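In what follows, a structure is listed as structure tokens, so that the remarks can point back to it.
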Amino acid sequence: MVRIVFIAAVACTALVVKPFGLHVWWQAGGTGLLLGIGIIVCEVRLRKASLKRLIGAAVGSLLGILGALLMSVVLDLSGAFPYQTLSFLHLGLLLLATYVGLVVGASKGDMLNLAALGGLFGTESPGKKSCKILDTSVIIDGRIADICETSFLDGSLVIPQFVLRELQLVADSADSLKRNRGRRGLDVLQRIQKMSNVEVQIVEDDFPHIREVDMKLIELAKLFDGKIVTNDFNLNKVAQLHGVDVLNINELTNALKPIVLPGEVMRVFILKEGKEYNQGVAYLDDGTMVVVDNARRMISKTVDISVTSVLQTTAGKMIFGKYDERAQHTPPTHGPERGSGSADRPETRGRERSEQTVGH
């Protein structure tokens with residue numbers, strides 16, 4: 001409504017004033033209408049521009065105007081052109097220098113470091129809403145790249161400059177393990193930056209009076225009104241105490257694990273022997289440990305088990321099951337003894353052959 005009223009006001013003003021010698025009412029009103037629409041279009045475009053681009057455009061246009069005035073003075077002193085040509089050159093130089101300064105200044109404005117100018121310009125955040133701030137641990141972990149590929153994270157990913165410095169120190173460490181972890185983190189960042197559906201922004205905001213990187217992340221999250229993405233348990237707790245929202249990758253992984261109820265039948269591959277007598281241990285695709293009773297003889301085989309209980313611990317979820325070994329007590333009818341037993345029924349013999357094939 002405000003924009004419509006503004007356009008109408010500009011059109012009425014032009015209708016009364018009759019600029020550019022337009023005495024016909026529809027010509028004057030149409031000129032004012034087009035001028036008002038043009039101003040609204042410029043306003044919409046400027047709202048989308050960042051503060052760095054606006055400052056760069058303003059400085060560039062001012063320098064262009066100053067350069068045009070200096071060249072106009074030189075042309076006046078030369079006296080080589082008649083008055084009409086000189087007036088055209090003055091106007092052309094002014095428009096050209098202003099336009100070039102505006103465009104070049106806006107394009108180079110992203111190179112400005114507003115944080116170095118103090119709190120006046122250093123408080124601009126790249127999008128106050130849906131801002132996700134990555135810490136060093138979640139970058140090194142690498143699973144954040146897989147989550148970004150699925151487009152489950154909305155908004156922009158913010159990577160602070162002090163996190164990049166910490167990651168570079170890890171990559172330059174003398175310890176080979178730390179060095180490999182740091183390089184993997186840098187590779188993860190390059191992978192995320194190449195994704196077309198993810199907006200990655202590197203911010204220069206820093207807090208020199210704070211030494212700990214975790215506290216800097218918390219202060220940055222407060223400044224940007226964003227969320228911290230991490231898998232650090234301590235950072236998670238400290239951020240919650242400060243009222244900062246946290247997205248924990250480990251909690252997301254635990255939430256996505258399949259729900260298993262006692263009594264269900266599931267198919268697992270017995271990988272090794274358990275700690276207790278006659279136990280076997282298997283693992284699901286997500287890494288969940290499955291402890292199977294009466295499965296010691298079924299190592300390196302795929303079997304069907306019945307879930308007896310599910311235990312949720314701080315380290316994750318554990319599933320306890322039982323293998324039905326009734327088929328083992330029936331001796332084989334032909335050939336050497338099989339590890340899983342055999343039966344006279346054709347369907348039992350077929351299941352044994354499939355189990356041995358999977359095990360091999």
Q: Please work out, to two decimal places, the log10 of the ratio I(q)/I(0) at q = 0.11, 0.18 Å⁻¹ from a Debye calculation in which every Cα of segment 2-115 carries one identical scatterer.
A: -0.59, -0.97
Q. Applying the Karplus parametrisation 6.51 cos²θ - 1.76 cosθ + 1.60 with θ = phi - 60° to the phi angles of segment 290-300, what ³J(HN,Hα) value in whole Hz is obtained for each residue in order, glycine and proline being reported as x?
A. 10, 9, 10, 6, 6, 10, 5, 7, 9, 4, 6
Q.
If neighbour count is taken as other Cβ atoms inside 10 Å, put Thr85, Thr308 in order from fewest to most.
A. Thr85, Thr308
Q | Coordinate range along principal axes, alpha carbons of segment 131-255, Å, largest first | A | 36, 36, 29
Q: Provide Arg267, Arg296 in ascending order of the number of other Cβ atoms located within 10 Å of each residue's Cβ, fewest first.
A: Arg267, Arg296
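All of the numbers you see were taken from the coordinates with simple rules; none came from a lab. Treat the numbers as computed from the prediction; the structure is a model and nothing was measured. Don't worry about glycine lacking a Cβ; one is built from the backbone with ideal geometry, like all the others, and counts go over all protein chains shown.
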